[in-house]
Every structure is written in C-alpha cells, then in structure tokens.
1. I'd like the orientation of helix 10-21 relative to the chain: the angle between its Cα long axis and the longest Cα principal axis, in ° from 0 to 90, rounded to 10.
2. Nearest 20 debye, what's the magnitude of the dipole of the chain about its Cα centre given +1 on Lys and Arg Cβ and -1 on Asp and Glu Cβ?
3. Residue farthest toward the positive end of the dipole of the chain, with Cβ of Lys/Arg at +1 and Asp/Glu at -1: which of Val145, Pro371, Ser93?
4. Please get the size of the charge dipole for region 234-449, origin at its Cα centre, with Cβ charges of +1 on Lys and Arg and -1 on Asp and Glu, quoted in debye to the nearest 20.
5. Where the accessible area of the chain is counted over protein heavy atoms with a 1.4 Å probe, how much of it, in %, is carbon and sulfur?
6. So what's the net charge close to Asp283: Lys and Arg +1, Asp and Glu -1, counting the other residues with Cβ under 10 Å from its Cβ?
7. Of all beta bridges DSSP finds with both residues in the chain, what is the antiparallel percent, to the nearest 5?
8. Under 22 Å from the Cα of Lys173, which lysines turn up, not counting those fewer than eight places away in the same chain?
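The values are calculated or read from the model by the stated rules, or taken from the named source; none is laboratory data. Nothing here was measured: the structure is a model prediction, and the numbers come from that model. A quick note on method: Cβ atoms are made from the backbone with ideal geometry, for glycine too, and the neighbour counts reach across all protein chains shown. Heads up: the accessible areas ignore ligands, DNA and RNA and are worked out on the full protein's heavy atoms, side chains in. Shrake-Rupley method; radii C 1.70, N 1.55, O 1.52, S 1.80 Å.
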Amino acid sequence: MVITIIGAGYVGLTQATIFANAGFKVYALEVDQARIDVIRSGRSFFYEANLDPLVENAIKSGMLIPTTSYEEALGETDVIFSCVGTPDNPDGSSNLTYVFDVVDKIISTIGDNSKILVQKSTVPVGTGEKIIKLLSDAGSNVSYVSNPEFLREGSALIDSLWFDRIVVGSTDKTASNAVIDLYKHVTEQRNDIAKHAGIDIDGRDNKDGEYITTSVNSAELIKVTANAFLATKITFANSIAKLADATHADINEVMHAVGADPRIGRSFLNAGRGFGGGCFPKDVSGLISSGIEYGVEIDILHAVTQENDSMPGYIVEKVIGLDNGSLVGKNVTVLGLSYKAGTSDVRRSPSVKIANLLIERAGAIVKVHDPVAMQDTQTLDVLTDGITVIDDLTEAVQNADAVFVATDWPEFTSLSASRYAQLMNGKLFVDCMNSFSPDSIRAAGLTYIGVGR
Ligand SMILES: NC(=O)c1ccc[n+]([C@@H]2O[C@H](COP(=O)([O-])OP(=O)(O)OC[C@H]3O[C@@H](n4cnc5c(N)ncnc54)[C@H](O)[C@@H]3O)[C@@H](O)[C@H]2O)c1
C-alpha cells in the first residue's frame, strides 16, 4: 500500500510520519517549498513533542518522501489523504479553496486509475457529496471516504496512536475497510513507534479505539459537532466565571464539584481567557454557516463566539478596574503566546489578543515570552507594534509591574510564587488560565487575579 498525504501541515505531517514509521511508503505532497525543505532535513517545521525523531527516522529510511509534485506522488499511490487547510472566510463560512484545488489536481493527474481519496480536512456537511459528484462527472475511478481528524496539537502523536475513535464515512464499504485496515496496521506497530519517538508507553492500555462507520454527511457533521460542543463547554464555564467574579465564588471549586457528576464530566470546564487556535473558532463559525445554508439557526453557537471573543478584554478590564489597577505606562509581561501549551501555534491565540489589548487599550509597556511560539508570532506578524519579545523567561519577568500568565505552559506554573515575587517590581499577578493556587501567590506577597476566582 502506497500512501500520499496532501498538505504536510500539523495534521498531514503527523499522519504521514506515523504511516511511514508503520512501514508504509508515504509521499508528503506540499505546495510550500520552505516546509518541504525543513521536512527533507528530517525535522518538523512546527513544534510538537516527540515528532522530530519520527520524522528523522522516516526520512532516513526513505519511507517518507517529501515532494511538491502531484505526478511524482500520485503515480504509484493507492490511498490519498487530503489534509489541506480549511480556514474561515470573512463571513465565518469555511474556505474550501484548497480542498477543491486538491480534487481538481487529482482529477487532472490520475486519469482513470483507481484510487481512494480520504478527506481528513475538516469540511462542512455536504462537501463530500459535492466532491463525489465532481469525481463522477470527470469519469474518474476514485472512491471517496470522509475520515475527520481528532488529534490535538500538543498531544498529536499520543492522540493518533491511542485514538478514541476513527470515524469513516463512505458509501463504498471496500474503501472504508481499506482505510480502517491502515489504522489497524498502525495500532499493531504503535508501541514500537511510540518508543522510537521517546514516548513513555508504561500504563497505556492495549485496547483499540472504536471504529465508527457512518454516511459521508454524518462523518462531516461529527467532527464539527465535537469541536463546537467542546468550545461550548469552555464558554459555559467562562460565563459562570463572570458570575463567580461578581459574587466572590471560586469557579475552580464550582466546576470541580459540577464536573464530578459523570453526566457532565470535569474536562473542558476550566474557565480562562477563552479558546483559540486553528480549529475551534473556525469550526464553530463554520457550523453556524452550515446551519444558515440549510435554513437552521444554531443560536447557541452565536452566543459561544460572542462570549469567547469577550474573554481577553474581560480580563484586561478586570485588572484596569481594580483600585490602583491602571496599567498606563507600566511594565507588563505576558507569559505565553501560543493558543495552548504544547504547541507553537499562535493562530487566533487569546494570549496574543491579551498582549495586544494591554498596549492598545490599557496603555502598558508590554514584553512577551513563550517557550516555543515566538518565531511563529513573527512569521504571522500578529503582535502589535511596540511589543518587545524576550527570549528568556527570567529576564521577561524581571522588573515587571504586572505579569499576565496567558498560556498554561509548565515552564510558567513550575516557577515558584516566591521566585515571581522576587523577580517582579510590582505585585499584580494575573492568572489568565486559573492554573496557580491563589493562596500560594498571595503568600508570596503578590496580588492574585484569576478568572472567576
Ligand atoms: N491542527 C489541528 O489540530 C487539527 C486537528 C484536527 C483537524 N484539523 C483540520 O485538518 C486540516 C488541516 O489543518 P492543519 O492545522 O494541518 O493545517 P495547516 O495549515 O498546518 O496545513 C495545511 C497544509 O496544506 C498545504 N496545502 C494547501 N493547499 C495545498 C495543495 N493544493 N496541495 C498540497 N498542499 C497544500 C499548505 O501549504 C499547508 O502546509 C484543517 O481542515 C483543520 O481544520 C486540524
């Protein structure tokens, strides 16, 4: 079985690397020459723990072949995975330019050769039906399978090797079984792959995740519904956090007890500065747009977007509103720029939004630091002019009048409260992810400000 992964980004490179380490010959077909060059050198172009040893191994063994050529990749390929980006349009709907571009290129490259096309990109419900029609109208011999991706950046390898579920939506049972067999083969190899990556496999169970076969439309809807539900859970916690602030309750205490009910569950009830990244915001807006396309208003998701967008500003205003909370002309350090710990991804990061608001709305002098994401903020040019990027954590905290911990990197939570107090000039300690103990921060002589605490 020869595989081509089209779009060697976060999802595509991770999947290509896993398949190559499981013994498949894999072409990583990517239009961005700079990304191809980095992959060819045996590394990933983004930060993901434990991925580099696997990329290096796959390149050295010759099982992973980076290329920009459709002709080179598709000639001998049996299964094509499309993993290109599906960003949002200005109106919130999904931009499917790259998805349909891939379909056009496949049609013009493979002639009437028989292939399986697996859609891993997150696409709105109804997209697969359009692609199947295009393929059929072109007289191509391609079976279409919707196979949405559920990995999380920061734990991408573990999520892929020990998946909860593989969703496969198709009308072609032979094609969906062939795709399931690829994952079963990976599962058989996963301990070896994990060991090679340097992942500790002790205590991991040997059970397979669930294989769920559905229609194409259901598979598409499963993916965005899962993300929209998680985004809603976070946002629900943030809404209650605002009430906890107003009533001097502690949202962590509240959600700990609320989440103890197994019908609810504790995860994704952590209040904080809101969700971001390349998936949740656009998947929520994409689902709203799908609803509108089919005449269904999903009002709850409008509220989720609005409430989530308010969180960075809510935190900054909360600080400014305190007695002596003015930040005008003060030295403020923002720790964390990635949208979550474990990744260099700064797309739609609320941490970046907080840093920008501190300069634009609060009039502060802003320094920022992140263990891995500083290069990405520069590449994507997301920071407001005037913000100073500091490479070293200690140096970033030194002499700060206020510190905002905006991403819950362990590097920040493992620095002791007394060390923060020692390094800082002022006393304001803003815990935008509620990851510190208020008591220990206060015991060090700092003023603790959380979200709903
Ligand atoms: N990143 C995640 O955590 C995650 C998780 C689950 C699902 N998804 C979904 O997976 C898809 C990919 O996301 P990503 O984060 O990997 O995106 P990405 O932007 O990191 O990667 C997409 C890649 O596709 C390449 N590309 C675009 N058009 C191409 C073409 N015609 N031929 C070859 N390459 C092309 C781009 O250059 C880019 O490198 C999206 O639909 C996303 O919603 C992402």
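1. Roughly 50 degrees, rounded to the nearest 10.
2. In total the dipole reaches around 580 debye.
3. It is Pro371.
4. The dipole magnitude comes to about 280 debye.
5. Ligands and nucleic acids excluded, carbon and sulfur give 51 percent.
6. Combined, the nearby Lys, Arg, Asp and Glu give +1.
7. In the chain, DSSP labels about 5 percent of beta bridges as antiparallel.
8. Cross-link targets: Lys115, Lys120, Lys130, Lys133, Lys184, Lys223.
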